[in-house]
Each structure stands twice: as C-alpha cells, then as structure tokens.
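Asks: Let me begin by handing over the structure; questions about it come next.
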Amino acid sequence: NAGVTQTPKFQVLKTGQSMTLQCAQDMNHEYMSWYRQDPGMGLRLIHYSVGAGITDQGEVPNGYNVSRSTTEDFPLRLLSAAPSQTSVYFCASSYGIRGYNYEQYFGPGTRLTVT
Amino acid sequence: SQQGEEDPQALSIQEGENATMNCSYKTSINNLQWYRQNSGRGLVHLILIRSNEREKHSGRLRVTLDTSKKSSSLLITASRAADTASYFCATDSEIQGAQKLVFGQGTRLTINP
C-alpha cells in the first residue's frame with residue numbers, strides 16, 4: 001500500500017493564483033482531512049470528509065474549498081491564493097465515519113509559498 | 001481554537017534520560033492521541049488512549065490520562081538520539097456542532113548525544 005500520497009511536494013504561487021493540492025489514499029478510509037501547519041501553531045484543521053460526497057468545515061476553512069467525489073481522493077483548492085496561506089499542508093485519513101476516534105495516517109505534506 | 005496545549009514547548013535532555021511531555025485540554029473528550037513529527041516529515045501516530053483508560057504502554061512510551069484534571073502525559077524512557085522530534089497531542093473536540101480532531105502546538109524534543 002502507498003498509504004496517503006500528496007502532490008506536489010513544493011509549490012510557489014503568486015498572490016491571486018489558484019491551485020489544487022492533491023491527496024489520495026489506498027486504504028479505503030472513509031475519513032479524510034486537511035491540516036495546515038505554521039511555525040509555532042501546531043496543526044489546524046481546514047476541512048474534513050466522512051465519506052464520498054460529504055465534507056464539512058474545520059477550524060480555519062476560509063479561502064479553501066474541498067470536494068470528495070470518490071473514497072480515495074480528497075483535493076484541496078485555493079481559489080485565490082494569499083500570502084497568509086503560505087504554510088505546510090498535510091492530508092490525513094482514518095478508519096470509519098468517526099475517524100477522529102482512530103489513528104490518523106498522514107501524507108508527507110505540501111510546502112506552499114505564496115508571494 | 002487549540003484544544004490541546006503541550007508543555008513544555010521545548011525540551012532538551014541527554015541521551016539515556018527520560019523525557020516527559022504534558023498535554024492539557026479544555027473540554028471533555030472520547031480519546032487522546034499522541035503523534036511524533038520528524039523535521040520536514042508528516043506526523044506518525046504513537047498511542048491512542050480512550051477516556052476510560054488511565055495508562056497505556058507501547059515499548060519505551062508510557063501515556064497517562066487524567067480526565068479529572070483534563071491532562072495527559074507522554075513519557076519516553078531511555079531516550080535515544082532518534083527520538084529527537086516534535087510531539088503533538090490531539091483530542092476530539094466539538095467545533096460548530098461536530099466532533100473534530102484538534103492538535104496542540106507541540107513539544108520540540110532534542111536528545112543530546
């Protein structure tokens with residue numbers, strides 16, 4: 001199993017550009033989530049999904065969109081990038097619709113810089 | 001909002017010593033999890049302890065949970081250089097009417113050879 005994969009590993013955007021961060025898992029996990037990690041801030045939940053077609057907001061959802069058309073994929077879209085979105089983004093997946101009750105499997109992260 | 005807060009923010013010890021990190025949280029929980037993050041890498045799950053458990057062991061790791069004090073501790077015994085990493089606690093927390101997994105800010109542990 002590849003586990004949780006994220007692409008790209010690094011990305012530089014100009015303010016106002018859009019892009020999609022890709023996340024995929026091959027463990028048939030229902031629960032998937034996106035976090036951002038900033039220095040000294042730990043991880044903050046952006047959006048999460050409890051299954052295909054079901055998404056919900058986390059702690060810091062503004063400026064980000066998500067969709068979940070398949071169990072395997074959970075892309076994160078930045079519609080108009082801002083310097084405040086410079087961060088490292090992690091995707092995670094877990095078992096079941098109450099995935100917060102179980103071990104999270106994390107991807108390697110995407111380091112995004114917005115200039 | 002950060003549900004869990006780790007203490008200390010940074011810890012530096014000699015190889016072979018024990019390392020203790022603490023996590024405090026604000027609201028009632030179903031479980032508490034500990035993760036490790038090596039520099040530049042994703043997080044790796046260490047231990048999950050349920051709210052009805054008081055202590056759990058995994059190899060050199062010992063986790064305790066005191067729900068009356070809303071706190072947990074992670075003890076790493078006989079530390080090794082490879083234990084150098086950041087350690088995070090995570091708890092399920094109700095945010096906007098739904099349970100979500102929320103992480104603390106982490107403890108940066110340095111093991112000196």
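Asks: If B:Asp92 satisfies every condition in (1) assigned to a loop (DSSP other than H, G, I, E, B); (2) under 14 Å from the mean Cα position of the chain (by Cα) but one, which is the exception?
Replies: (1)
Asks: Please go through (1) under 16 Å from A:Tyr102 (Cβ atoms); (2) within 9 Å of chain A (Cβ to nearest Cβ); (3) surrounded by 14 or more Cβ atoms within 10 Å (Cβ to Cβ); (4) not hydrophobic (A, V, I, L, M, F, W, C) for B:Gly106 and return the number of the only condition it doesn't satisfy.
Replies: It is condition (1) that B:Gly106 fails.
Asks: Something else: Do the conditions hold for B:Tyr87, that is, is it in contact with a Phe, Trp or Tyr (Cβ under 9 Å, 6 or more places away or on another chain), within 30 Å of A:Phe10 (Cβ to Cβ) and more than 9 Å from every other protein chain (Cβ to nearest Cβ)?
Replies: Criteria met by B:Tyr87.
Asks: Tally up the residues in region B:9-30 that are within 12 Å of the chain's Cα centre (by Cα), within 24 Å of A:Glu59 (Cα to Cα) and either not hydrophobic (A, V, I, L, M, F, W, C) or not in a strand (DSSP E or B) (or both), please.
Replies: Matching residues across region B:9-30 total 4.
Asks: Please count how many residues of region A:67-115 are of a type outside the set (Gly, Ala, Ser), under 23 Å from B:Ser93 (Cα atoms), out of contact with any Gly (no Cβ under 7 Å at 6 or more places or on another chain) and within 14 Å of chain B (Cβ to nearest Cβ).
Replies: Going through region A:67-115 one residue at a time, the tally reaches 6.
Asks: Next question, about the same structure. Could you pull out every one of the strands (runs of 3 or more DSSP E) wholly within region A:40-95 that has 2 or more residues that are modelled with pLDDT of 95 or more and among the basic types (Lys, Arg)?
Replies: none
Asks: Output yes when any residue across region A:27-35 is surrounded by fewer than 20 Cβ atoms within 10 Å (Cβ to Cβ) and part of a strand (DSSP E or B), and no when none is.
Replies: No, there is no match, as no residue in region A:27-35 is surrounded by fewer than 20 Cβ atoms within 10 Å (Cβ to Cβ) and part of a strand (DSSP E or B).
Asks: Mind checking which strands (runs of 3 or more DSSP E) fall wholly inside region B:38-81 and carry at least 2 residues that are in contact with a strand residue (DSSP E or B) (Cβ under 6 Å, 6 or more places away or on another chain) and more than 14 Å from chain A (Cβ to nearest Cβ)?
Replies: By residue number, B:61-66, B:71-76.
The values are calculated or read from the model by the stated rules, or taken from the named source; none is laboratory data. What you are looking at is a predicted structure, and each value in this text was computed from that prediction instead of being measured. Neighbour counts run over all protein chains shown; Cβ positions are idealised from the backbone, glycine included.
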